[in-house]
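K.L.:
Take this structure, written in structure tokens, and hold onto it; I'll ask about it next.
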Amino acid sequence: MLRSRRRSTSALWALCFACSPLVVGCASKITAPPAPPVAVRLGDAAFEAGDYERAIRDYRLYLSDVDRGEFTARAFYKAALASYRLEDYAGTLATLDELALRYPGGNWVQVDALRGDALRELGRPQDAVLAWDAAWRNANDIERPKIRARIAGVIAGLDYAALRELRGDVRSRGVRSLVGN
């Protein structure tokens, strides 16, 4: 009895070892995302170092070669953010417009929030609120307080007529409550 039990156990282990390559081969493999292209990596390094002009040049180098790659939207956003940090608000908006042309229908909270920030800096508070309203629609509960603070800061300086006009244009309920029903 003991001998047949050992044989069964040995046979079971042999079967497990024989099948293990098959099981491992069937398992889904996790692969790391591809590394960004050199121009994007150089742009990221320049951005982190605060060399925003160089970052923009490097991101633009990548964008001139790739129409819609895995890093295209990110390169546009980082180039726009670098322009914003250089206080080139018109350049920020131009870059965000290029992003919108390349990705029509793209909805990104950070992009809309940055657009609103640039519009605010250009003295266009109502347009800024509308951009933040677009951001609000795609934002989560962590992002909304930041957007709320931006909107509250701008609407505090608007007169009654501007607020009334804005109320008709705002689409999201949360922003509408800030502007006033």
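The values are calculated or read from the model by the stated rules, or taken from the named source; none is laboratory data. Computed from a predicted structure; not experimentally measured. Using ideal geometry, Cβ is built from the backbone for each residue, glycine included, and neighbour counts are taken over all protein chains shown. The protein model used for the area step is the full one, side chains on, heavy atoms only, and it has no ligands, DNA or RNA in it. Shrake-Rupley method; radii C 1.70, N 1.55, O 1.52, S 1.80 Å.
K.L.:
I'd like the FRET efficiency for residue 60 and residue 160, computed as 1/(1 + (r/R0)^6) with the beta carbon distance as r and R0 of 41 Å, rounded to 0.05.
P.N.:
On the way: r = 44 Å, r/R0 = 1.07.
Efficiency computed from Cβ-Cβ geometry: 0.40.
K.L.:
Tell me, what is the per residue accessible area of the stretch 69-179 in Å², probe radius 1.4 Å? List each step's numbers first, then the result.
P.N.:
Working: 5650 Å² over 111 residues.
In whole numbers, the stretch 69-179 has 51 Å² accessible per residue.
K.L.:
Choose one of 151, 101, 177: the residue whose Cα lies farthest towards the positive end of the charge dipole of the stretch 40-181 (beta-carbon charges +1 Lys, Arg; -1 Asp, Glu; about the Cα centre).
P.N.:
About the Cα centre, the residue reaching furthest to the positive side is 177.
K.L.:
Among 66, 154, what's the order by accessible area (1.4 angstrom probe), most exposed first? Could the numbers behind the result be given before it?
P.N.:
Working: 66 40, 154 15 Å².
Ranking 66, 154 by accessible area, largest first, yields 66, 154.
K.L.:
Any chance you could check the Cα centroid distance between the stretch 76-114 and the stretch 160-181 for me, in angstrom?
P.N.:
Cα centroid to Cα centroid, the span is 24 Å.
K.L.:
Related question: Relative to the Cα centre, what is the charge dipole magnitude of the stretch 79-181, using +1 at the beta carbon of each Lys and Arg, -1 at the beta carbon of each Asp and Glu, and rounding to the nearest 20 debye? Present the calculation step by step, with values, prior to reporting the outcome.
P.N.:
Numbers: 15 positive and 14 negative charges, 89 e Å.
So the dipole magnitude of the stretch 79-181 works out to roughly 420 debye.
K.L.:
Give me the number: length gained by fully extending residue 167 to residue 98, i.e. 0.36 nm times residue separation minus the C-alpha to C-alpha distance, one decimal in nm. Provide the component values of the computation, followed by the final result.
P.N.:
Values: separation 69, 0.36 × 69 = 24.84 nm, distance 2.85 nm.
The residue 167-residue 98 span can extend by a further 22.0 nm.
K.L.:
Tell me which GluC sites (Glu not before Pro) from the stretch 86-177 have a DSSP coil assignment and no more than 12 other beta carbons within 10 Å of their own.
P.N.:
Details: sites: 87, 98, 121, 143, 165; in loops: 87, 143.
Qualifying residues, ordered by number: 87.
K.L.:
Would you work out the relative contact order for the stretch 70-181, in percent, from Cα pairs under 8 angstrom that are 6 or more residues apart?
P.N.:
Details: 113 pairs, mean separation 21.5, N = 112.
Relative contact order of the stretch 70-181: 19 percent.
K.L.:
If each residue of separation counts as 0.36 nm, what is the full-extension length gain between residue 38 and residue 141 once their alpha-carbon separation is subtracted? Let's see the in-between values first.
P.N.:
Working: separation 103, 0.36 × 103 = 37.08 nm, distance 3.51 nm.
Full extension of this stretch gives 33.6 nm more.
K.L.:
Determine the sum of side-chain charges near residue 52: Lys and Arg each +1, Asp and Glu each -1, restricted to other residues whose C-beta is under 13 angstrom from that of residue 52. Walk me through the numbers before you get to the answer.
P.N.:
Numbers: positive: 54, 57, 60, 78, 85; negative: 44, 48, 51, 53, 58, 87, 88.
The answer is -2.
K.L.:
Let me ask you something else. Starting from the Cα of residue 73, step 7 Å along the direction of its Cβ; do the same at residue 86; then give the gap between the two resulting points in nm.
P.N.:
Each label point is offset 7 Å from its Cα along the Cβ direction, giving 2.5 nm.
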